Amino acid sequence: MIGLASFKVLPLLGLSEKNISSISNLFLILIVLTWVSTYFFRVISGKMTFMEQRKRYRKEYEKVLEGNLQDKFNSLSVEEQKKLLQELEDK
């Protein structure tokens, strides 16, 4: 879009076709380099879409798992809870 706009607007400034072509190519190259650099930044920082979805899923999964374990622990008698805690401390 920018390249096409520059092809239409730059002749009005009196630039030659060679200069217009060079400027349009420069716009294209800058856009591609910007996109590639943001892609690499997202890869390095772990901000890729799949990575974000996986982190959210894992967080929710751990929350549910922790809640289930807490419910099971609370359903045990006090003696069973103490015995289980003692076993965990011994390990």
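A short reminder: the numbers here are calculations on the coordinates, not readings from a lab. Predicted, not measured: the structure shown is a model, and the values here were computed from it. Note that each Cβ is placed from the backbone with ideal geometry, even for glycine, and that neighbours are counted across all protein chains shown.
Assign one of three labels to segment 1-45, namely rounded, prolate or oblate, based on the Cα gyration tensor with a ≥ b ≥ c the square roots of its eigenvalues; rounded applies when a/c is under 1.5, prolate when it is not and a/b is larger than b/c, and oblate otherwise. Prolate shape, in that a/c is at least 1.5 and a/b is the bigger ratio. In the chain, one over the average inverse separation of all distinct C-alpha pairs is 19.0 Å, which is the Kirkwood hydrodynamic radius. Against the chain, whose longest principal axis comes from its Cα atoms, helix 17-45 is set at around 10 degrees. Partner lysines whose Cα lies under 18 Å from the Cα of residue 8, excluding those fewer than 8 positions away in the same chain, are identified as 18. The C-alpha atoms of segment 48-91 occupy a region whose extents along the principal axes are 47, 23, 5 Å, arranged from largest to smallest. Around residue 58, with a cut-off of 15 angstrom between Cβ atoms, what is the net charge of the other residues, counting Lys and Arg +1 and Asp and Glu -1? Overall, the nearby charge balance is +1.
In plain terms, the chain from residue 91 to residue 54 could stretch by 10.2 nm, reckoned as 0.36 nm per residue minus the Cα-Cα distance.
Think of the chain as a dipole: +1 on every Lys or Arg Cβ, -1 on every Asp or Glu Cβ, centred on the Cα centre; then among 11, 41, 57, 11 lies furthest on the positive end. In plain terms, the chain from residue 36 to residue 80 could stretch by 10.1 nm, reckoned as 0.36 nm per residue minus the Cα-Cα distance. Only helices enter this figure: runs of n ≥ 4 DSSP H residues, each worth -39500 (n - 2.57), summed and divided by the residues of the chain, yield -29000 deg cm²/dmol at 222 nm to the nearest 500. Bridgeable lysines around residue 72 (alpha carbons under 21 Å apart, same-chain partners fewer than 8 residues away excluded): 59, 63, 82, 83, 91.
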